[in-house]
Amino acid sequence: MKTGLKVLALVTLTLTIERLLGHPGVWVQATAVLLPMPWVIGPPLLDFNRRWYWLAFPLGLGWDLFFEPVIGIGAIAWSVPALFAWFGTSIISDRKIAAWFAFGAGGTVGFWLIRSICYLPLSLPRNTTWTWIGISALLTGLWCALIHGIITLDFPTRWRQRRAHRLR
């Protein structure tokens, strides 16, 4: 499977899981976690090429189709964390778990603030309060830190080493 198709499938899966977390009966704070955030902040923290931030725009349009009443707000809101991470990683060279947490939490605050600002002229109902933004930033930052922890553990390499060791 080509890399672009894998990314598209994984982003679609992430948005679908995010949608399932929004159903009634699920823990209310589960909707505060922005599951796609590692797709936005991860590439610059993993030293991928500089064109990765274009992924934020289609991710935002997918977000609009799944969650928003108006097309375009999600694309704007997801572009803010992408640009925040792009500028931040050029300044900060730290690629550790604290950076993933900080960029995830900061990107979440930017996402919710831009989304709220976009809703102002449309007179649409918005459920963002400072408490909600804080909870969302904390949970999304922890989610991004967890993803970084899983990436650094590198299970496939460890599994190959374990099998090679057992075969000797």
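Readers should treat all values here as calculations from the given coordinates under stated rules, not as data from a laboratory. All figures in this text were calculated on a predicted structure; none of them were measured in a lab.
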Show me, for the range 135-149, the HN-Hα J-couplings you get by feeding each phi into the Karplus relation (A = 6.51, B = -1.76, C = 1.60, θ = phi - 60°), rounded to Hz, glycine and proline as x. 4, 5, 5, 4, 5, 5, x, 5, 4, 5, 5, 5, 4, 4, x
Between W130 and L46, 0.36 nm times their residue separation minus their Cα-Cα distance comes to what? 27.2 nm
